[in-house]
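Quick notes on the structure that follows.
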Amino acid sequence: MIKPHGGELVDRHINKKNINIEGYPKFEINTNSSEDILNIANGIFSPLKGFLGKNDLNSILKEKRLENDTPWTIPILIDFDKNEIKEIKEGDTILLENNETGVRSLLDIEEIQSYDKKLLAQSVYRTNDVNHPGVANIFNMKEKLIGGKISLIENKVREYDKYNLTPKETRLLFKEKDWKEIVAFQTRNPPHIGHEYVQKTALTFVDGLFINPIIGKKKTGDFTDDVILASYETLMKYYYLKERAVMSILRTSMKYAGPREAIHHAIMRKNFGCTHFIVGRDHAGVGNYYGPYDAHDIFSEFPDLGIIPLFFRSFSRCTKCDSVVNDKICPHDQKYHINFSGKKIREILRNGQIPPEDMMRKEVSETILKFDKTFVE
Amino acid sequence: MEKENKNYTTISIPTPLAKKIKDRIKGTGFTSLSSYVTYVLREIISSDKEEDEEAFTKEDEEKVKDRLRALGYLE
């Protein structure tokens, strides 16, 4: 089995029987931060053991690496209002809580720091434009960051938990299935024919496919989580070998950081035990902030990433070839090509119609149309 | 003798080798001898193919397998 990122699968759970939580100052945190805590505790963000301090943050912004040279591109930070933490100092331990996730976690405060929001946005997103959703999030952050290790005491059972496997569990699952090479597919959309083609092309060369939809905060107009999961269940039921494909969710917010986020996505899948990671056109992009293949190019900066990226260009159906093609394999004019446009498919579904079968499987379309609420409002 | 600062250190390599590398990286994406050598060393260091050690005790492993069976991931 592939080694976790940084060499060790992090486990930051502690037994609540050993903790008297009444003794710690309590802070209510937002859901995204509580999801970060779960991802740290479960090893999805290995080798991180907590929220980043100044040296790691500066190193990530400048070098796209942790201070110890391990590749890392997206800062995992927790922010606080300066007045809220005025009684708190380095060396203290505080209790973090969130109602929605039921997260209760200790945070050992190693550093309290101010930070430059413009520098953070420019480094991660390559822009300071507040129309970029990631930049807007940064400008909405509070003034202070706290760095330090977390220890997860508890969290509650939630919707979709039956699809929610930890890296420990996926690693054992792959071992039991005798999969040595596993390709991960990251998604935030129901599958169209192009997605299926990419997944099956990649699967041809490895032992198993790990479909890993991102569940969590998305932007208006995105498909709802229910729709994404149900549509994949349908596709897998009718068109995949049960012994060759599994689906498990990843609870994290999309950052829309394009190339940097592609590296982050690959690292998380490495921690799940995957050896290969599919990177498509404009991976994790939004608007026109990144070039269509910037998320491919960035991988050349990381010979030590430890997971193999599989780059795919955009696919279409060629009516001359009568198959799914891309610009490297089809000689025919664009007029013969039907694009798998996510925008077009959304429009058709929004009108309550079934997209053409050469764009989306009929069973998948029918599954989506059964939902009253298809899109995030 | 190595010179060190906080983030970078200077190492010595034979001058003819340095010249060969400089010739080789002309017209590539590598902007300097240092960036090329860093890339190559990172690649070598990461090529450790040692298997991940077992993260489970037998008891833990059975618990996880039970959950995977209950969720339908394993028969």
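When peptides A:196-202, A:159-165 are ranked by their average number of other Cβ atoms within 10 Å per residue, the highest-first order is A:196-202, A:159-165.
Would you mind computing Rg(Cα) / (2.2 N^0.38 Å) for segment A:123-271, counting N as its residues? Walk me through the numbers before you get to the answer.
On the way: Rg = 17.2 Å, N = 149, 2.2 N^0.38 = 14.7 Å.
It is 1.17.
A DSSP coil position with no more than 15 other Cβ atoms inside 10 Å describes none of the chymotrypsin sites (Phe, Trp or Tyr not before Pro) in segment A:22-99.
Relative contact order of chain A: 17 percent, from C-alpha pairs under 8 Å at least 6 residues apart in sequence. Between segment A:71-133 and segment A:144-159, the alpha-carbon centres lie 12 Å apart.
Sorted by average packing, counted as other Cβ atoms within 10 angstrom per residue and highest first, what order do B:9-17, A:260-268 take? All intermediate terms of the calculation are to be shown ahead of the outcome.
Details: B:9-17: 9.2, A:260-268: 26.0.
In descending order of packing, they fall as A:260-268, B:9-17.
The C-alpha atoms of chain A define a longest principal axis, and helix A:225-239 lies at about 40 degrees to it.
Pairs exceeding a 18 Å alpha-carbon distance, out of A:237/A:270; A:177/A:242; A:64/B:19: A:237/A:270; A:64/B:19. With Cα atoms as the point set, the radius of gyration and Dmax of segment A:198-336 evaluate to 16.0, 43 Å.
State the Kirkwood hydrodynamic radius of segment A:1-128 in Å, one decimal place, computed from all pairs of distinct Cα atoms. If you can, show how the numbers build up before the last one.
Working: mean 1/r = 0.0628 Å⁻¹.
Evaluated on segment A:1-128, it is 15.9 Å.
Shielding by partners for B:64-74, please: the mean number of other protein chain Cβ atoms within 10 Å of each residue's Cβ.
On the way: counts 8, 4, 0, 5, 7, 1, 1, 8, 3, 12, 5.
Taking all residues of B:64-74 together, the mean is 5.
Helix A:167-176 and the longest principal axis of the C-alpha atoms of chain A enclose an angle of approximately 40°. Checking the table A:62/A:118; A:180/B:65; A:17/A:217; A:144/A:255; A:54/A:89; A:3/A:218 against a 24 Å threshold on Cα-Cα, which pairs fail? Long pairs (Cα-Cα over 24 Å): A:17/A:217; A:3/A:218. Helix A:193-203 axis versus longest C-alpha principal axis of chain A: approximately 70°, rounded to the nearest ten. Ratio of Rg to Rh for the protein assembly as shown: 0.97 [Cα atoms; Kirkwood radius as inverse mean 1/r over pairs]. The mean number of Cβ atoms from other chains found within 10 Å of a Cβ in peptide A:298-306 is 4, as a whole number. Peptide A:166-177 has a mean of 4 when you count, residue by residue, the C-beta atoms of other protein chains within 10 Å of its C-beta.
Helix-only arithmetic for chain A: the sum of -39500 (n - 2.57) across DSSP H runs with n ≥ 4, divided by the residue total, places the mean residue ellipticity at 222 nm at -8500 deg cm²/dmol. In plain terms, if you count all Cα to Cα distances in segment A:231-301 and split them into 5 Å steps from zero, the share in each step is 3, 14, 22, 19, 18, 14, 8, 2 percent.
Every number in this text was worked out from the coordinates using simple rules, so none of it is lab data. Remember, predicted model here, so these are calculated numbers, not experimental data. Counting neighbours? That spans all protein chains shown, and the Cβs are built from the backbone with ideal geometry, glycine included.
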